[in-house]
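Take a look at the structure below.
The values are calculated or read from the model by the stated rules, or taken from the named source; none is laboratory data. Keep in mind the model is a prediction, meaning the values are calculated, not measured. Because the Cβ atoms are built from the backbone with ideal geometry, glycine has one as well, and the counts that use them run over all protein chains shown.
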């Protein structure tokens, strides 16, 4: 018996229109080949181990390598190291990719030096064999997607920041509860040995000093990873404790924090703490400065964090500094969480980094 045109239409309407981002589809491979083989977007399909399972022709054109050269390779091999860590943290936090995510990723440019930036949609789905797969859809930044998708960015940055904080807590607690305790036990045994063997005092003394230095360093790292002072006593106390740990006779840090900063919600205070921490680390590592100023301004709608130093300044512009992995990209992720902006003024007389966060 023939099926009428209306019956055929109704049957297909009941099935629903196919979408690449459906959680389950028995036609994923077929639809991939039909719709995306030579489309305007570069497509990568990853297996559950995050290895390349399938690519389209646009991908081979952009990345200058054949499908065969790409298959089986980890997606992280195609990315800037910091973006590889960002994507890895998202994959590890499986709940963050129940819905499609929009990421800004730097891919290695194999045609020349450096990287090129592409907006990338990431979605987890299940194929017809009930296997978890991941689809990455990449397009040039000149292409403008549906504006509604742009709201997803804040969820992505929050997921990244939350995952980073969870990992910091895990490592910080392990350092405190495991490594530090082993060092304390070693020091106690060494002191006991020294009491019974006075003739070895000269040998034991420098070893004990190294142990004390190691305990001190582990404690500082643990505090940096898990800022218990921030949670217990507030932002001003936490930043003061941070600056006191790094201040030396030839390196001074001045702070200016408004009173109202303690009234901010705990998530924003943590972001402020991490931004100041990262900027101070940058100054210590790269600027050769001996004086740093930390200024926080708490406005009605915005909050500003400014860190100034009298060092040698950044060796390149903001875009190049972020590409070189100076820590500014980590700050940018936290800034984007509050739809803020990051600006740098640099010269041979010093530099000033200004971070603006929106409260709404």
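Remarks
- Considering only residues in the range 91-113 that are in contact with a strand residue (DSSP E or B) (Cβ under 8 Å, 6 or more places away or on another chain) and assigned to a helix (DSSP H, G or I), the one that is modelled with the highest pLDDT turns out to be 91.
- Residues that are exposed (fewer than 15 other Cβ atoms within 10 Å of the Cβ) and at pLDDT 80 or above, drawn from the range 116-132: 126, 130, 131, 132
- Scanning the range 234-253 for residues that are assigned to a strand (DSSP E or B) and at pLDDT below 85 turns up just one, 248.
- Among the residues listed as 259, 203, the single one being in the same structural domain as residue 290 (by TED's automatic domain parsing), over 28 Å from the mean Cα position of the chain (by Cα) and over 26 Å from residue 175 (Cβ atoms): 259
So that you can scan it fast, the table gives a plain yes or no per residue for (1) more than 28 Å from residue 221 (Cβ to Cβ); (2) at pLDDT 85 or above; (3) out of contact with any helix residue (DSSP H, G or I) (no Cβ under 8 Å at 6 or more places or on another chain):
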position	(1), (2), (3)
263	yes, yes, yes
268	no, yes, yes
276	no, yes, no
279	no, yes, no
282	no, no, no
294	no, yes, no
299	yes, yes, yes
329	no, no, no
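- Qualifying residue in the range 136-146 (condition: more than 29 Å from residue 74 (Cβ to Cβ), surrounded by fewer than 11 Cβ atoms within 10 Å (Cβ to Cβ) and at pLDDT below 80): yes
- Residue match in the range 257-267 (condition: part of a helix (DSSP H, G or I), touching a strand residue (DSSP E or B) at 6+ places or on another chain (Cβ under 7 Å), without any contact (Cβ under 8 Å) to a residue 60 or more places away in the chain and loosely packed, with under 14 Cβ neighbours inside 10 Å): yes
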